[in-house]
There are 2 protein chains.
Amino acid sequence: MVSNTKIIFAQVPTGYPEPGVHMKVEKSEIDLNADIPQGSVLLKVLCLSVDPYMRGRMREAHKKSYSPAFPLGQPMNGHAMSQVVKSNNEKFKVGDLIYGMTPFVEYALIPEQFTSYLEIRNEAKDSDIPLTNFIGVLGMPGMTAYVGLIKFGKPKKGETLYVSAASGAVGQLVGQIGKILGLYVVGSAGSDEKVAYLKELGFDAAFNYKTKDIREALKETCPNGIDIYFENVGGKMLEAVIDHANTFARIVCCGMISQYNRENPEPIHNLIQVVAKSLEIVGFIVSNSPEMEGQFRKDVTEWIKSGQIKYRETIAEGIEKTPEALVDVLKGNNFGKQVVKVADL
Amino acid sequence: MVSNTKIIFAQVPTGYPEPGVHMKVEKSEIDLNADIPQGSVLLKVLCLSVDPYMRGRMREAHKKSYSPAFPLGQPMNGHAMSQVVKSNNEKFKVGDLIYGMTPFVEYALIPEQFTSYLEIRNEAKDSDIPLTNFIGVLGMPGMTAYVGLIKFGKPKKGETLYVSAASGAVGQLVGQIGKILGLYVVGSAGSDEKVAYLKELGFDAAFNYKTKDIREALKETCPNGIDIYFENVGGKMLEAVIDHANTFARIVCCGMISQYNRENPEPIHNLIQVVAKSLEIVGFIVSNSPEMEGQFRKDVTEWIKSGQIKYRETIAEGIEKTPEALVDVLKGNNFGKQVVKVADL
């Protein structure tokens, strides 16, 4: 028997979720010698991704949204890299590296009907690219940045791109792709250290939204107005951007993290400018753009290998750190892409 | 000398404009025998269009917006049908019928540099179609309906289209085009008489937003949710629609008339659904889609002639009625497209 710690969704939060209350670490064990059902695979989770959208899954099951609610009393789940340790399915071999939606446990038994969500990514074994990158810059968050900016932002060379939460899992890549595409790129983040990092990445300008007046800072850093806003934040930030947006600006809504843990959402007062400025405000879910996956992986892999793109991660060590890691993401306490390392390859 | 009454923009309003205060009727005369400058034309205004967007032009000149502010102390202007009574420009002959932006006066002298905005529409002479239709269903409001629904609404057969201000200059055409395109069409308006008219036009359902709870009414009349919202109203109506919108819904913002005369705009609290439902909220100005004009005129002319489309107008008689007519439009007191008849052809 070996340890098989699980991260359980224990209670629906109203504000910020709390480790030990809404998410619980449950110790258990598994017999790795036991047979597994026909068609199933047993995965050893290597690293897992915690992301802001998970807050939306911590809700009552009857409330509908784009991603399913976490079942109460069950392990949470999300994107992970794992390795096959046992297979009763001819599509998977022991040792295969797997990318996909996986329960947040040390060992995950995946029944046959769910194996279609697993993708073999053995190229990660012989790559110079760190394994955690496959759930970050090369995983769902990276593709979110790529799809959001290119498909929905419709960037034209020379335009001004503004990114909020710009040092985060998605934002840091959005800004760097913006530079590659010839945009003037401005970002905001919640500490001077993060702002310094954005400048290091090649952002043309950046500011700390906690210490500066947002409207003043936007005027200063985006002297030609905003053509594309990559929206991760919502609330007052969105209102300020609408006021500073150019005619025909695209506001690409990836998330609105400032609103996730509020009981009452912050209102927006200046939507009438959507008409006056012919604005386009568009929300998207990355999983609805599978046609872009091939090009995304090809481009981003090249950009990483050529050094054109850097990607900062914060790695929490051990699956039991998952609840705190998620709260850090929601509060902006982390820096860059937050991942949890569960086991060595 | 003949009468040449003018409608003057006299003062910037804060709430609803008032006739005699913010818009004044100024009596004057003109000598039709006097020579006119080289390159200019003298137009006799036959009918003119008053539209909600004009409220936005009643502002201080230093405030920028998509259409220029009316100059204080000068005649207001807008879309009109006129006839050339004198021409010192080889492109225009006496008797030509003209569509274009024209000062709100009985006789308008158009200097050469502004004649490029005038379009000869002599087909209106021999047509069965009433002259007022050329500033309504076949003019700017009609094209607004056509462009907004087809280009920005991206309708697919069987989808649900909801139109607010549905009996107005734009709304009544939006709904009827929706029916021609195979949509399930629902409208709202501000009186039972208007609602009855919508049903007469073939709307699948309609409700009076003044006497019904908007959210309840939307649930009842749009049982499959809303795929396209043609937005003329803003405020609480927009909020209710966002709550009832389907995934991938398009919210086409043509205007937000409920907000034009408020000092403080009504806030929107549920924009976070833009992400969750992958909504698209897009504003447009019809003049930015000139490529659609030919097809618009062809289609709508055919639909009028074949009886597929009806178009209700309220005609105020006499240019001096222009201020009241505009206030009626802003308050929803009119029914259908509001025009002012200035003179007979």
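The values are calculated or read from the model by the stated rules, or taken from the named source; none is laboratory data. Because the structure is predicted, anything quoted here is derived from the model rather than measured. Cβ placement follows ideal geometry from the backbone for every residue including glycine, while neighbour counts extend to all protein chains displayed.
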message: What's the total number of residues in the range A:51-97 that are under 20 Å from residue A:124 (Cα atoms) and not in a strand (DSSP E or B)?
response: 6
field: Residue that is nearest to residue A:168 (Cα to Cα) [pool: residues in the range A:282-299 that are touching a Leu at 6+ places or on another chain (Cβ under 8 Å) and facing another protein chain (nearest Cβ under 10 Å)]
entry: A:283
query: Right, residue A:182: without any contact (Cβ under 8 Å) to a residue 60 or more places away in the chain, out of contact with any helix residue (DSSP H, G or I) (no Cβ under 7 Å at 6 or more places or on another chain), surrounded by fewer than 17 Cβ atoms within 10 Å (Cβ to Cβ) and assigned by the TED database to the domain that holds residue A:36 or not?
result: no
field: Single residue of the range B:269-285 satisfying the filter (over 18 Å from residue A:148 (Cα atoms) and within 25 Å of the chain's Cα centre (by Cα)) that is surrounded by the fewest Cβ atoms within 10 Å (Cβ to Cβ)
entry: B:285
message: Can you tell me which of (1) within 11 Å of another protein chain (Cβ to nearest Cβ); (2) farther than 27 Å from residue A:201 by Cα is the one residue A:321 doesn't meet?
response: (1)
field: Residue list for the range A:218-251, restricted to those being over 14 Å from residue A:273 (Cβ atoms), more than 10 Å from chain B (Cβ to nearest Cβ) and in contact with a Lys or Arg (Cβ under 9 Å, 6 or more places away or on another chain)
entry: A:220, A:227, A:228
- request: Looking only at the range A:252-278, count how many residues are more than 7 Å from chain B (Cβ to nearest Cβ) and of a type in the set (Val, Ile, Thr).
  value: 2
- prompt: Residue check: is residue B:134 within 28 Å of residue A:273 (Cβ to Cβ) and in contact with a Lys or Arg (Cβ under 9 Å, 6 or more places away or on another chain)?
  reply: no
- prompt: How about the range A:20-65: which of its residues are hydrophobic (A, V, I, L, M, F, W, C) and either over 22 Å from the mean Cα position of the chain (by Cα) or on the phi > 0 side of the Ramachandran plot (or both)?
  reply: A:21, A:25, A:30, A:32, A:34, A:36, A:41, A:42, A:43, A:61
